[in-house]
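Any read-out appearing in this document is the output of simple, stated calculations on the displayed coordinates, not a laboratory observation. Keep in mind that this is a model prediction, so the values were computed, not measured. Backbone-built Cβ (ideal geometry, glycine too); neighbour counts: all protein chains shown.
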Amino acid sequence: AGEVRFDQVHFGYDPEREILHGISFTVPAGHTLAIVGPSGAGKSTIARILFRFYDIQSGRVTIDGQDIGAVTQQSLRAAIGIVPQDMVLFNDTVGYNIAYGREGASKAEIEAAARAAQIHDFIMGLPQGYDTRVGERGLKLSGGEKQRVAIARTLLKDPPVLVLDEATSALDSRTETEIQDVLRSIARKRTTLIVAHRLSTVVDADEIIVLDQGRIVERGRHADLVRAD
Ligand code: ADP
Ligand code: ADP
């Protein structure tokens, strides 16, 4: 499960000014699609539409053949997990931050869910335990540690569709490499949409679409696009 499809999507925040001019792509279940392009091209807008933060003016967006306009917000949230660029953490424990969105989850339940999602080792790779307080009045986590918590929170939902929205662009290059390895391994198991600026970060995506001013100007695998350069 987890096929994502955009079919001739037109959208503008202001109906007078169209931002996306007929975007079509299909991400088969389990595949990775990268959306690259310069700032302002419309990459984040595509992600926001998938979450149904905005309604499109025309076209169709489906997950597993179901129009996203016809499913409840709740089931849409369960189907899609996002790893944002810079997660804001609560001034609470690591465990609370990971389990946020899972009301009343006990430490044992979090661990069981984490294990089920095959991220137990990853979470345990944090130098601090679940009970450590973080944030202003607790331990200050590094950017990479914060991203681990963000990834763990998303993965605990075990969503069939994962959106990485410039997930490592706020990190230094050594931490970026570390987190990238983690992201690659979790992306292999589910449908993944990656938003990135550079073609070089998305070498192993199944398909790359290059967006410019709201239009797909190129598409293909990394080797094809580099050859065309
Ligand atoms: P990217 O993610 O590729 O940098 P965006 O999707 O953020 O591009 O933006 C695409 C276009 O939409 C830009 O021209 C931007 O100014 C405009 N835009 C983005 N968000 C909004 C908004 N909330 N209201 C109006 N215009 C917006
Ligand atoms: P850029 O620096 O190009 O803007 P970002 O920092 O926004 O790139 O990050 C894009 C993210 O997508 C990176 O963390 C990158 O490791 C990740 N990524 C690239 N290819 C894959 C893949 N095949 N599976 C999972 N994640 C990937």
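Using 0.36 nm per residue, how much length does the chain from A78 to S142 gain when fully extended, once their Cα-Cα distance is taken away?
Once the chain is fully extended between A78 and S142, it gains 20.2 nm.
Any chance you could give the angle, 0 to 90 degrees and rounded to 10, that helix 173-187 forms with the longest Cα principal axis of the chain?
80
Which one of L164, L199, A114 has its Cα pushed farthest toward the positive end of the charge dipole of the chain, where Lys and Arg give +1 and Asp and Glu give -1 at the Cβ?
Farthest towards the positive end: A114.
May I ask you to evaluate 6.51 cos²θ - 1.76 cosθ + 1.60, the Karplus curve with θ = phi - 60°, for each residue of region 137-143 and list the ³J(HN,Hα) values in order in whole Hz, giving x for glycine and proline?
After applying 6.51 cos²θ - 1.76 cosθ + 1.60, I find 9, x, 6, 8, 7, 6, x Hz.
Just from its helices, what would the mean residue ellipticity at 222 nm be for the chain, if runs of 4 or more DSSP H residues each count -39500 (n - 2.57) and the sum is divided by every residue, rounded to the nearest 500 deg cm²/dmol?
-9000 deg cm²/dmol
Evaluate E = 1/(1 + (r/R0)^6) for E109 and V203, where r is the Cβ-Cβ distance and R0 equals 35 Å; express this FRET efficiency to the nearest 0.05.
My answer for the efficiency is 0.40.
What is the antiparallel percent of DSSP beta bridges lying wholly in the chain, to the nearest 5?
So the antiparallel bridges in the chain amount to around 50 percent.
Order of 162-171, 140-149, 175-184 by packing, highest average Cβ count within 10 Å first?
Highest mean packing first, the order is 162-171, 140-149, 175-184.
Would you please put 187-196, 10-19 in order of how densely packed they are, using the mean number of other Cβ atoms within 10 angstrom per residue and starting with the highest?
Ranked from most to least packed, the peptides come out as 187-196, 10-19.
Enumerate the amide H contacts of T32 below 5 Å, restricted to partners 5 or more residues apart or on another chain; note that Pro and chain-start residues carry no placed amide H.
Those qualifying (amide H under 5 Å, at least 5 residues apart or on another chain) are T192, D206, E207.
Which FRET efficiency value, to the nearest 0.05, is calculated for A29 and Q180 with the Förster distance at 22 angstrom and r the Cβ-Cβ distance?
0.45
Net charge around V163, counting only other residues with Cβ within less than 13 Å of its Cβ (Lys, Arg = +1; Asp, Glu = -1)?
In short, +4.
In region 78-114, which residues have a backbone nitrogen under 12 Å from the label point lying 7 Å from R133's Cα in the Cα-to-Cβ direction?
Answer for this model: 91-94.
Give me the lysines in straight-line cross-link reach of K157: C-alpha distance below 18 Å, same-chain residues under 8 apart excluded.
K157 reaches K107, K146, K189.
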